[in-house]
Amino acid sequence: MDRSNVLEHLLLSRCGRFNGNGEILEFLEQRYSFNGPQKNYLVLESTDGGAIRAENDKKIAKENETVNDFLSNLNSNKKTTNKFNKLKTKNEFKKFIQTSIKHQDNVSKKLSKMIKNNPDIRDMEDIIDLKICCKILKIEDYIEMNILWNNYINELIKGCKTIDTITAKLSSAEYIGAYFTVTHCSCSDSIGIEGIVLWESQSYILMIIARKNNWKDNISIGKNDNNNKIKIKYSAREMIGGLRMIPKKKTRFTFRIDIENDENKDEGDKEVINFEFIGDRLCIKSLDRANKKFKSHNVKDIDI
Amino acid sequence: MLCDLNIGFPLSDFNETINNDQLIEVKKCINTSIILGYTHIALNFKPSTTTSNSNKNKISNDLNLINPINLEKDFSEFSGKIKIFTRITIKIDDPSQCQNFAKFQQIFDIVAVEPLTEKSFQSAISNLEIDLISFNLQDRLPCFMKHKTLCSAIDKGILFEIKYTDFLNNRNRAQSISNSKQIIRASRNRGLICSSGCSFNNSNLLRNSINVIPILKMMGIDSNRCNLMFKDWSLKVLLNGRLRIKSYKQTISISGDNGLLDNSLEDKNWDSSKNNKINNIKQNINTYKKRKNDINDNALDKILKKNKVV
């Protein structure tokens, strides 16, 4: 037996392909010959890569994903920074305000013309029955908001006994839904307007006012004399009511809080406190107002 | 609206109470000022103590005992004729001893100081929350009046007071005129108020604004500003003080019947407050409550009623 290829012989003897010792020896003889079928070089075939390959693939995929995300974010950011995107809530709300105010102006113009031709319209029970007025915002739709606000504010000031604590709490409260009355304003037309607050922005308060219902109802010559009541005609604008934009600057609003007590269930016995909203000092967005630390300033801009 | 923010109150200590003779004298003063056409007056309580010596132990901790002016009990007959407010003037000479000021701000409508030294004058402008600075014009001023200090005070909303009774007295008239000219010069003719400053037993020194204006004109103020000194600027002082009580940092204020100055709904009876649990009777919310039946319905109420009927 050839001593040279002991290891190979032993390995091949385990193999099922060879039936006897002779076959193995024959095979081994050809092993290192130049002309034989076996060549003395290693043949490497391409593999599927195994575990490392899979790991690498994962890494690459991850990288690609982050890059893709970044790119897509870039694209989407461009879209959201578009101020004039119609889908933005702010713009939609803006458009809603603009269109409804424009619509109100148009309708009031038409209505004043109609009243000239047909003065009976002035005595109509409810102006909203007219066909042109049907798209105008109605205060009746927003009463639910006011009820919600009343509950909220009652919960807020519950247990407060001094002016200090109540006004401090109210200064960081939300006023959307409150019923405001304009008492002082630089614009004399808007004095006396009362309505439900629809939105509070940095420098404006949007209110929805009632139709044919403001201070012009409550004028009387004598005290509590129903016979001597003066009747002032409502203008077309007041007749249709709707949305009003009132600047906060140089304006003061009053609002009423109905205090809910368990003891007084009778409507007339309810207790009421009036508060005043000084617009000059609250020219801040309502969101920022919650955390704002207020300071007293010179009062030269507040009219008495 | 004519204002006189300085009608002397005869007491000089926190613990004293007013007696009948003094009360009659004060009422005489108020009656005279009604005849002269004033609409807003302030009773000036002037404690004789200064901040540095022994003031601390005399002020009680109970806020309801500090104010000796009981508007509800003593002056209720003037309601409707004239609006009476309360004012305190504190002499400060040591600026480090002013921690008690927070108490006064909640109790008196107007808080004024009378600085006796330059340091206290500086600190009153920069640190304290006050409405008014007044000087004793018959003595020398504590320091030279600079444009910068006075104007910074006026920008902050602290005004300066000139008392016209100082010119009517024979005593030290020249000194008081030169002092007030100093103040007018340094304040550049703005942010001044003119008040009587009459002490309680000489109501004959009270004058109408028309009689005082020539004196002020003599000192170089034009007539429009003379009017402002009695009207608008005085009201601004009053408003500043009232808003401190009625509102939270001038944002949301509780609303009286007549605007921001009004104190008709306020609880003014300091005596009855002793058994009340509220710390400061002026802040009591209960007197502001009204019954819903007493006020007119607004538009919302009408709509709600209509809905109920339907």
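The values are calculated or read from the model by the stated rules, or taken from the named source; none is laboratory data. Small disclaimer: the values here were computed from a predicted structure and weren't measured. Here Cβ is always computed from backbone atoms with ideal geometry, including for glycine, and neighbour counts include all displayed protein chains. Note: areas computed on protein heavy atoms with side chains; ligands, DNA, RNA excluded. Shrake-Rupley method; radii C 1.70, N 1.55, O 1.52, S 1.80 Å.
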Discussion item. Let me check I've understood the local charge: for B:LEU132, count other residues with C-beta under 14 angstrom from its C-beta, Lys and Arg +1, Asp and Glu -1. What total comes out?
Written reply: +2
Worksheet entry | Calculated FRET value between A:ALA290 and A:ASN68, using beta carbons and R₀ = 35 Å, to 0.05 | 0.35
Worksheet entry | For A:289-300, mean number of other protein chain Cβ atoms within 10 Å | 5
Worksheet item: Any idea what the dipole of the stretch B:3-265 comes to, in debye rounded to 20, about its Cα centre with Lys/Arg Cβ at +1 and Asp/Glu Cβ at -1?
Response: 840 debye
Worksheet item: Short version: ³J(HN,Hα) in whole Hz for each residue of the stretch A:93-108, in order, from phi by Karplus 6.51 cos²θ - 1.76 cosθ + 1.60 (θ = phi - 60°), x for Gly and Pro, what are they?
Response: 5, 4, 5, 4, 5, 4, 5, 6, 5, 5, 4, 4, 4, 4, 5, 5
Worksheet, complete the sentence: The farthest towards the positive end of the charge dipole of the stretch A:108-193, of the residues A:ILE132, A:LEU156, A:VAL182, given +1 on Cβ of Lys and Arg and -1 on Cβ of Asp and Glu, is A:ILE132
Item to complete: Give the accessible area for B:GLU129 in Å² (nearest 10); use a 1.4 Å probe, count only protein heavy atoms, and leave out ligands, DNA and RNA.
Response: 80 Å²
Worksheet item: Which sequence of A:TYR142, B:TYR164 reflects their accessible areas, 1.4 Å probe, from the largest down?
Response: A:TYR142, B:TYR164
Item to complete: Just report the Cα centroid separation between the stretch B:120-145 and the stretch B:17-46, whole Å.
Response: 26 Å
Fill in: Computed accessible area, A:MET124, all protein chains, 1.4 angstrom probe, square angstrom
50 Å²
Fill in: 18 Å Cα-Cα threshold exceeded, pairs from B:LYS119/B:LYS146; A:LYS102/A:LYS135; B:LYS28/B:LYS236; A:LYS131/A:LYS231
B:LYS28/B:LYS236; A:LYS131/A:LYS231
Fill in: Ordering of B:26-37, A:172-183 by packing [mean C-beta count within 10 Å, highest first]
A:172-183, B:26-37
Worksheet, complete the sentence: Normalised Cα Rg of the protein assembly as shown, dividing by 2.2 N^0.38 Å with N its residue count, works out at 1.62
Item to complete: Using DSSP, restrict attention to beta bridges with both residues in chain B and report what percent are antiparallel, rounded to the nearest 5.
Response: 5 percent
Response to the item:
antiparallel share of DSSP beta bridges within the protein assembly as shown, to nearest 5, in %, is 55 percent
Practice prompt. Between B:LYS156 and B:LYS73, with labels modelled 7 Å along Cα→Cβ, what's the label distance in nm to one decimal, could you check?
Written response: 3.6 nm
Item to complete: Compare A:MET245, B:MET1 by solvent-accessible area with a 1.4 Å probe and give them largest first, with all protein chains kept in place.
Response: B:MET1, A:MET245
Discussion item. If the only charges are +1 at each Lys and Arg Cβ and -1 at each Asp and Glu Cβ, what is the size of the charge dipole of the protein assembly as shown around the Cα centre, to the nearest 20 debye?
Written reply: 2280 debye
Worksheet entry | FRET efficiency, B:LYS290 to B:ARG188 (Cβ-Cβ, R0 45 Å, nearest 0.05) | 0.50
Worksheet item: What's the average, rounded to a whole number, of partner chain beta-carbon atoms within 10 Å of each residue's beta-carbon in A:153-163?
Response: 3
Response to the item:
Farthest towards the positive end of the dipole of the protein assembly as shown, among B:ALA153, B:ILE303, A:ASN73 and with Cβ unit charges of +1 on Lys and Arg and -1 on Asp and Glu, lies the Cα of B:ALA153
Worksheet item: Over chain B, what is the mean sequence separation of C-alpha contacts under 8 Å (at least six apart), divided by residue count, expressed as relative contact order in percent?
Response: 19 percent
Item to complete: Could you work out the local net charge near B:SER234, counting Lys and Arg as +1, Asp and Glu as -1, over the other residues with Cβ closer than 14 Å to its Cβ?
Response: +4
Discussion item. Pick from B:ASP131, B:ASP294, B:ASP232 the residue whose mean-square fluctuation is largest in a GNM of chain B, springs joining Cα atoms under 10 Å.
Written reply: B:ASP294
Practice prompt. Compare B:SER203, B:SER223, B:SER195 in a GNM of chain B, Cα atoms joined below 10 Å, and give the one with the largest fluctuation.
Written response: B:SER223
Worksheet item: Based on DSSP H runs of at least 4 residues, each adding -39500 (n - 2.57), what is the mean residue ellipticity at 222 nm of chain B after dividing by all its residues, to the nearest 500 deg cm²/dmol?
Response: -10000 deg cm²/dmol
Worksheet entry | Burial order of peptide ranges B:246-257, A:108-119 (average beta-carbon count within 10 Å, highest first) | B:246-257, A:108-119
Fill in: Descending semi-axes in Å of the stretch A:94-181, equivalent ellipsoid built from Cα gyration tensor
39, 15, 12
Discussion item. Below 14 angstrom from the Cβ of B:LYS27, what's the summed charge of the other residues (Lys, Arg +1; Asp, Glu -1)?
Written reply: -1
Worksheet entry | Furthest towards positive pole of dipole, A:CYS283, B:SER134, B:GLY220, structure part the protein assembly as shown, Cβ charges | B:GLY220
Item to complete: Can you pull the one-decimal nm distance between simple spin-label points at B:THR49 and A:ILE121, each 7 Å off the Cα toward Cβ?
Response: 7.4 nm
Discussion item. Counting only other chains, and only Cβ atoms inside 10 Å, what mean value do you get across the residues of B:255-264?
Written reply: 3
Worksheet entry | Accessible area, probe 1.4 Å, largest first, for residues A:LEU170, B:LEU304 | B:LEU304, A:LEU170
